[in-house]
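To keep things clear, I will list the structure first and then write my remarks on it.
The values are calculated or read from the model by the stated rules, or taken from the named source; none is laboratory data. None of the values given here were measured: they were computed from a predicted structure. FYI the Cβ positions are ideal-geometry reconstructions off the backbone, even for glycines, and counts take in every protein chain you see. Heavy atoms of the whole protein, side chains included, go into the accessibility calculation; ligands, DNA and RNA do not. Shrake-Rupley method; radii C 1.70, N 1.55, O 1.52, S 1.80 Å.
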Amino acid sequence: MLKRFSAAAALSAGPMLALMTAPAFAHVDPLAHGAMASGILHPFSGADHMLAMIAVGLWASQLGGKARFAVPASFVAVMAAGFALALMGAPLPFVEPAILASVVGLGLLVALAVKLPTALGMVIVGAFALFHGYAHGAELGGADALSFGVGFVAATAILHAIGLGLGAWASAKSAVAGRLLGALTAIGGAALMFG
């Protein structure tokens, strides 16, 4: 039993540890590489975005049912609204602290396997997504907004799908595996906050 738990813990910890130790890459220059490529790579260029977006998929997997689609879809939709707010120049305070809080908060939701109604789950991830989208818009630079936006929306959906896949894999292994991924996400967020 202990060997099986240790193996499951090691396997489930691997992806999250890799994300936590990955260096923050400089954003891809949209003028040199194109707005679409820059938008696609943008969510992958920071551990904070990757951890939060994967955690959305993990939590949606834990919630099950229609939440598996609705919760990630809510994140994507509100993230697009946050992007539009940034393009309009609307002020939004505490963007970076809110993004880091999203990593810790979503990690804790997964670690504690918090079960909420789908609508409430959509509201929670939507609140976090607003700040992620705003950050994408604030870092647009000279890129074409539509191409950049389509790129980061697609990348976000991919990260959510990775989270859903990890959640399905973890639930097939043991109830502890998914919670461990959530705990590692929260620890990663705390490390980013205080590191």
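Here are the numbers:
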| item | result |
| --- | --- |
| Net charge, residue 115 excluded, C-beta distance under 15 Å - Lys, Arg +1, Asp, Glu -1 | +3 |
| For segment 52-122 and segment 167-195, distance of Cα centres in Å | 16 |
| Distribution of pairwise C-alpha distances over segment 78-140, 5 Å bins, in % | 4, 20, 25, 22, 14, 9, 5, 1 |
| With every protein chain in place, segment 45-179: carbon and sulfur % of accessible area (1.4 Å) | 75 |
| Modelled FRET efficiency - R0 22 Å, residue 84 with residue 161, Cβ distances, 0.05 increments | 0.40 |
| Sites matching trypsin sites (Lys or Arg not before Pro) across segment 94-195 that sit in DSSP coil, with at most 16 neighbouring C-beta atoms within 10 Å | 115 |
| Backbone N within segment 70-95 under 20 Å of label point (7 Å from residue 115 Cα along the Cβ vector) | 70-72 |
